[in-house]
1. Given a Förster radius of 35 Å and the C-beta distance between GLU3 and GLU77 as r, what FRET efficiency does 1/(1 + (r/R0)^6) yield to the nearest 0.05?
2. At what distance in angstrom do the alpha carbon centres of segment 268-320 and segment 421-478 lie from each other?
3. Any of LYS4/LYS79; LYS407/LYS465; LYS379/LYS433; LYS121/LYS304; LYS37/LYS59; LYS79/LYS465 with alpha carbons more than 28 Å apart? Name them for me.
4. Once you place label points 7 Å from the Cα toward the Cβ at LEU192 and SER403, how far apart are they in nm?
5. Can you list the residues, at least 5 places off or on another chain, whose amide H is less than 5 Å from the amide H of VAL208, using H built in the peptide plane?
6. Quick one: longest stretch of the chain between exposed loop trypsin sites (Lys or Arg not before Pro), exposed meaning at most 14 other C-beta atoms within 10 Å and loop per DSSP?
7. So how much slack lies between ASP412 and GLU42, counting 0.36 nm per residue of separation and subtracting their Cα-Cα distance, in nm?
8. Report ³J(HN,Hα) in whole Hz for each residue of segment 215-222, in order, from the Karplus equation J = 6.51 cos²θ - 1.76 cosθ + 1.60 where θ = phi - 60°; Gly and Pro get x.
Amino acid sequence: MSEKFYLTTTLPYVNSDPHIGFALELVQADAVARYFKLSGREVFFSTGTDEHGQKIAEKADEAGKSRQDYVDHYAAEFKKLIPTLGILSDIHFIRTTDEAHVRAAQELWRRCEKAGDIYKKKYKGLYCVGDEMFMKESELVDGRCPNHPNLELQEIEEENYFFRLSNYQKYLEGYLSREGIIVPEWRRLEALKFLEQGLEDFSISREVSRMDWGIPVPGDAGHVMYVWFDALTNYISTLGWPEDTDGNYKNFWENGFPVQVAGKDQIRFQSIMWQAMLKSAGLSETKKVVYHGFITSGGQKMSKSLGNVISPFELVERYGTEATRYLLLRHVHPFEDTDITFEKLTEWYNANLANGLGNLAARIMKMAETHLQEPVDIKDDTDALAAYANSFEKFNVGEALDSIWQKIGSLDLFIQTEQPFKVIKTDREKGIKDITYLVSSLYDIAVSLKPFMSETSEKILAAIKENKMPESLFVRKE
Ligand SMILES: [Zn+2]
């Protein structure tokens, strides 16, 4: 696989502070991006913020702020996640209020229109501001949106532009019949099931007189784009499409391997609507969308009213960046829903970082420092990354981490059964051999930690190089 690799998260909607679900998505994508970089691939990595739509307009009005000030504030909050979570600093950050993005969304619209896939009609429907979408009667529970039972649905009657999604039924059946196009596989089957119901055209504009916080529809000042149509375009506008002055779109999207990471509630947007829009505009498709599950706390969805919200900033404050990455990547299932509480997080932290990895590195390097005359000479030809290549090809970051902790467990066992610290007193040669083996195994562990915990990895590698016990890597938490 020598092609260029493109990886993007979805863009969080900026009507509230960064949520742990998005932090999960960002660190998952970061570990994958780092792995592919380390394996020698050229990687374009992107994230950003989704800043238009009715919900934002309403929140800005409530806060007595201008819309632009409101989204500027939140874009800055989301940008803070990059250093806070130890995300690759060369990540691209696209805002849907960026001028270049606005032009790209308008160009995509023109192309879909030229293909005959955009038409205008009078529309009456129930709009959920929470989802920023019209709901079908069949989707409602007791006349309310199942995702937002506390929100009053708005009955809206207006003339909207529609996208002919129904034209793409056959195309999408073909696209979604390709194994690997969606990870995990069972979500692909879910997407195919959704197609079986038959696709309906969807509204892609709002009347300016009712809602003006959006990108103007080309050639019609009376309408702005529906936020989803606008936001989905970010996956290629971040690459510089359509001008493509740097060739990133051509290299990473058309000729490369574009992968999107998204939450499990995004299938109809990412794998259906967006793929139809690309096809309509004559652009190539996303090669893979990886869907993660949701994080709950204490068995319930996190919510302010329940007081069980765990913010990514709070996690980092408590455990530090490295441990937060570890906790999200190993103890949150990459594809299924996972429940976390601070009790559980602290338990995992103590068992696997303070006692597991931290203690192992300290024990091995203490023995090395005491008994070896000089640093173990390690040739930098380890195949530590190859050992879990298969897990990364499946985007299963949790499985890759499991394999590292298996190795940590087996080295703990080796020390316990072989007792090199005792052996060295009676059989120096064997003692040295055992300690050397432990140090080079620790080296492999440090290398394999790179995509997940790069600072910890560096600290251990530096300790091996200096033949010194590292400073305490993870202090026990109460
Ligand atoms: Zn809703």
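The values are calculated or read from the model by the stated rules, or taken from the named source; none is laboratory data. Everything numeric in this text was worked out from a predicted model, so none of it was measured. Cβ atoms come from the backbone with ideal geometry, glycine included; neighbour counts cover every protein chain shown. Just so you know, the surface numbers come from the protein's heavy atoms only, side chains and all, with ligands and any DNA or RNA stripped out. Shrake-Rupley method; radii C 1.70, N 1.55, O 1.52, S 1.80 Å.
1. Efficiency, from the Cβ-Cβ distance: 0.50.
2. Going from one Cα centre to the other spans 37 Å.
3. LYS121/LYS304; LYS37/LYS59; LYS79/LYS465
4. 2.8 nm
5. HIS223, VAL224
6. The longest uninterrupted stretch comes out as 211-303.
7. 129.5 nm
8. Each residue of segment 215-222 in turn: 7, x, 5, x, x, 8, 5, x Hz.
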